[in-house]
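Below: the structure, in structure tokens.
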Amino acid sequence: MDLRGDALQILKETSRTFYIPISILPSGLQEAVASAYLCMRAIDEIEDHPDLDNSTKAQLLHNISLTLQAGVDGFAVDAFSVGFSGYEDVLAEVTLRVREWSLLAPETIAPRIWDATAAMADRMAYWAENNWKIETESDLDRYTFGVAGAVGLLLSDLWTWYDGTQTNRTLAIGFGRGLQAVNILRNHIEDMGRGVSFFPDGWTVTEMQEYALRNLALADAYTQALPAGPALNFCQIPLTLAHGTIDALANGKEKLSRSEVIALLEQLNAVNVKAS
């Protein structure tokens, strides 16, 4: 089986935002970033699952974390499936195949991805157990770090592992937080429908937009400091779409249309061609 090709297909089906930047990465780095994304998407699908109660979500997430922490040079065929017992017909394909995604990355960096995913799964379990109760901006900072800022740190480690690219880790956290804040804004009504709000007490869309923009400014600085190469090519795409999305939301739209996404990417490509 062509695991890389299969991973890219699943990626295409689950994320229009990240499929494009991952698909253009060079061999080796592509597998590492795809592994990280799909492992984290696997646990994200549990966190957001509409038909699982919070205690079940926490149990499943802790099981994944413990399995990842036990990894040595890989995982037994049934390492993860034991923890999924009884939920095989409920969980998404990307979740059920987390063992495959964990083995996709080159062995010299795979344990860093296991570590990041295990830590994130435990943090997601905490929030599930507490019904995502966010009362203050500090709570919001904790949540957005746990599920996204830490991804910025992992990406920085992947850039360094691949070609020695150095980054500002504080800005890396802002990169992750900024993208997550835009997601919170985009999904706010849907989240409210399932009884969850990531807005601190008293916050309206205005305050959350300001929070997103503050962190997107850090994301801009992070990206602008990257040298020409794979890391820059990758980061520019989700950041451009995040800015486009927050502008669309401010103008009363639910999200970017497919044509708007294509136009933004073409505009970005034109700027890059001119700069080169």
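The values are calculated or read from the model by the stated rules, or taken from the named source; none is laboratory data. Being a predicted model, the structure only gives us computed values, none of them experimental. Cβ coordinates were reconstructed from backbone atoms using ideal geometry, including for glycine residues, and neighbour counts include every protein chain displayed. Quick note on the areas: whole protein, heavy atoms, side chains included, nothing else; ligands and nucleic acids left out. Shrake-Rupley method; radii C 1.70, N 1.55, O 1.52, S 1.80 Å.
From the list Gly149, Gly195, the lone residue that is at pLDDT 95 or above and either under 24 Å from Ser55 (Cα atoms) or out of contact with any Pro (no Cβ under 8 Å at 6 or more places or on another chain) (or both) is Gly149. Within the stretch 238-246, at least one residue is farther than 23 Å from Thr170 by Cα, of a type in the set (Ser, Thr, Tyr) and surrounded by 13 or more Cβ atoms within 10 Å (Cβ to Cβ). Listed by position, the helices (runs of 4 or more DSSP H) enclosed by the stretch 63-157 that each have at least 2 residues that are of a type in the set (D, E, K, R), surrounded by fewer than 22 Cβ atoms within 10 Å (Cβ to Cβ) and touching a residue at least 60 places away in the same chain (Cβ under 8 Å) are 110-129, 137-144. Number of residues in the stretch 44-60 that are over 16 Å from Phe80 (Cα atoms), aliphatic (A, V, I, L, M) and either open to solvent by 60 Å² or more (accessible area, probe 1.4 Å) or under 19 Å from the mean Cα position of the chain (by Cα) (or both) equals 0.
Considering each residue of the stretch 182-197 in turn, at least one proves to be in contact with a helix residue (DSSP H, G or I) (Cβ under 6 Å, 6 or more places away or on another chain), closer than 29 Å to Ala119 by Cα and either without any contact (Cβ under 8 Å) to a residue 12 or more places away in the chain or of a type in the set (A, V, I, L, M, F, W, C) (or both). Does Thr170 satisfy being within 18 Å of the chain's Cα centre (by Cα) and open to solvent by less than 30 Å² (accessible area, probe 1.4 Å)? Criteria not met by Thr170. Going by the conditions given, is Arg194 closer than 21 Å to His243 by Cα, open to solvent by 40 Å² or more (accessible area, probe 1.4 Å) and not polar (S, T, N, Q)? The answer is no for Arg194.
Of the helices (runs of 4 or more DSSP H) lying entirely inside the stretch 165-233, the ones with 2 or more residues being closer than 17 Å to Thr17 by Cβ and touching an Asp or Glu at 6+ places or on another chain (Cβ under 8 Å) are found at 169-186.
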